[in-house]
Amino acid sequence: KNTELIEKLYENQNLEDCELLQLINTISEEEREKLFYYARRVREREYGNDVYIRGLIEFTNVCKNDCYYCGIRKSNDKVERYRLTLDEILECAREGYVLGFRTFVLQGGEDSYFTKEKIGKIVKCIKNEFPDCAITLSVGERTYDEYEYWWNMGADRYLLRHETANEVHYKKLHPYNMSLENRKECLYSLRKIGYQVGAGFMVDSPYQTTDNLVEDLRFMQDLRPHMIGIGPYLSHENTPFNNQKNGSLQQTLVLLAIIRLLFPKVLLPATTALGTIDPNGRELGLKAGANVVMPNLSPVRVRKKYELYDNKICTGEESAQCRNCLNLRVESTGYHIVTDIGNSRIQ
Ligand code: SAM
Ligand code: FES
């Protein structure tokens, strides 16, 4: 019975493959509420009512990759490309600092214009000006040497979703030039260097099976990431997957809760994609075990250009507006945003 599986998952922080499959495939509405209740209990035991915020700075939408799901893929010639300057990036961070952000996430496409040295300089400048802040990089697959260099320049964390832990599925999402093997190797390298590492995947991405989801969970149990980013797959009109169905809110919430129970201490964001499939998505995510939100600090004039999927929220709002909006949203869940660097407690 699913209720027994939920209790077992809560007590053992694990389940057998067949049990996970059954739970994901057959959970009822009532059982979902029970699952979310246990996820909240663990979240509150580990983190109290605190919600950490991360300021996302989308500093380039130029990308050499051609992922079938992604709106800024190389072959999308309808998107106007941009790069922020060092000064513009610093300005975003200054605005964020005043609003209470103590983590800045520098995210972008895989853009070789941003060399090892250029990114190193950005990291160093932010770190000099804000020594009490953490810097998270999210710029895709680079070399061990580059990762190590940025670590030495002061970068603290790295987000690189593995996207799917299954080879066959990986090839369906990235037919050319990319390999799951390399992506996994990047994640293990980052962990070895000392970064707090974030892995993750899209829920209901095209061709995903429940078996794939279980493989994702098993891969992450091996990697032991400090952060796990998951959100629903959402289609973008100018991609080969433009006819594919969007991911489901409930399936994403179920996975968030399962992840909270499997990884009690993990940092788990209620993502922008979750806020995009449902106006209440992020609040529901927080009530299903998430404990992080990552609002946008990018200049408003570029926000629309970093459209990974259609109808992305917060593309018209100034950073301060988003910060206020989010405060109200988080308060409505009974949790509250803290001004804190929000480091991982996983070793
Ligand atoms: N280039 C870096 C990388 O590949 O890790 C960082 C930027 S990439 C756009 C950030 C994440 O956006 C990806 O890991 C992917 O999971 C997510 N993403 C891309 N397209 C998406 C879509 N259509 N729906 C939901 N999430 C998407
Ligand atoms: Fe951006 Fe609500 S969080 S407008």
Anchor Lys64: aspartates and glutamates whose Cα lies under 12 Å away (excluding residues fewer than 8 positions away in-chain): Glu110, Asp111, Glu141
Using each residue's phi in region 75-82, evaluate 6.51 cos²θ - 1.76 cosθ + 1.60 at θ = phi - 60° and report the 3J(HN,Hα) Karplus result to the nearest Hz, with x for Gly and Pro. 7, 7, 8, 8, 8, 7, 8, 9
Sort 204-210, 172-178 by the packing proxy (mean of other Cβ within 10 Å over each peptide's residues), most packed first. 204-210, 172-178
Would you mind calculating the relative contact order of region 89-214 from Cα pairs under 8 angstrom and at least 6 residues apart, reporting the percent as a whole number? 24 percent
On a C-alpha basis, how far is the centre of region 1-62 from the centre of region 278-345 in Å? Whole number, if you could? 20 Å
Can you give me the relative contact order of region 2-338 as a percent, contacts being Cα pairs under 8 Å and 6 or more apart? 24 percent
Using the Karplus curve 6.51 cos²θ - 1.76 cosθ + 1.60 with θ = phi - 60°, work out ³J(HN,Hα) for each residue of region 336-347 in order, rounded to whole Hz, and write x for Gly and Pro. 9, 6, 10, 8, 7, 5, x, 6, 6, 9, 8, 7
At 222 nm, what helix-only mean residue ellipticity would the chain give, in deg cm²/dmol to the nearest 500, using -39500 (n - 2.57) for each DSSP H run of four or more? -13500 deg cm²/dmol
When only DSSP loop residues count, what trypsin sites (Lys or Arg not before Pro) in region 40-92 have their Cβ near at most 11 other Cβ atoms within 10 Å? Lys78
Rank-order 242-255, 310-323 by packing density, defined as the average count of other C-beta atoms within 10 Å over each peptide's residues, highest first. 242-255, 310-323
Derived scalar couplings ³J(HN,Hα) [region 192-206; Karplus, 6.51 cos²θ - 1.76 cosθ + 1.60; whole Hz; x for Gly, Pro]: 5, 5, x, 4, 7, 10, x, 10, x, 7, 8, 8, 6, 5, x
Here the cysteines of the chain without any disulfide-compatible Cβ partner under 4.7 Å are Cys18, Cys63, Cys92, Cys125, Cys133, Cys186, Cys314, Cys322, Cys325
Hey, can you rank 190-196, 101-107, 325-331, 24-30 by average C-beta count inside 10 Å, highest first? 101-107, 190-196, 325-331, 24-30
Taking the Kirkwood radius as the inverse of the mean 1/r across Cα pairs, report the Rg/Rh of region 1-128. 1.15
Here is the link list: Lys192/Lys265; Lys78/Lys312; Lys8/Lys265; Lys265/Lys287; Lys118/Lys304; Lys172/Lys245. Which ones come out longer than 23 Å on Cα distance? Lys118/Lys304
Cα-based convex hull, region 2-338, per residue volume (Å³, whole number): 121 Å³
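We did not get these values from a lab; they are worked out from the coordinates using the rules stated. In this text the structure is predicted, and so the values were computed from the model without any measurement. Heads up, the Cβs are rebuilt from the backbone with ideal geometry, glycines too, and the neighbour counts pull from every protein chain shown.
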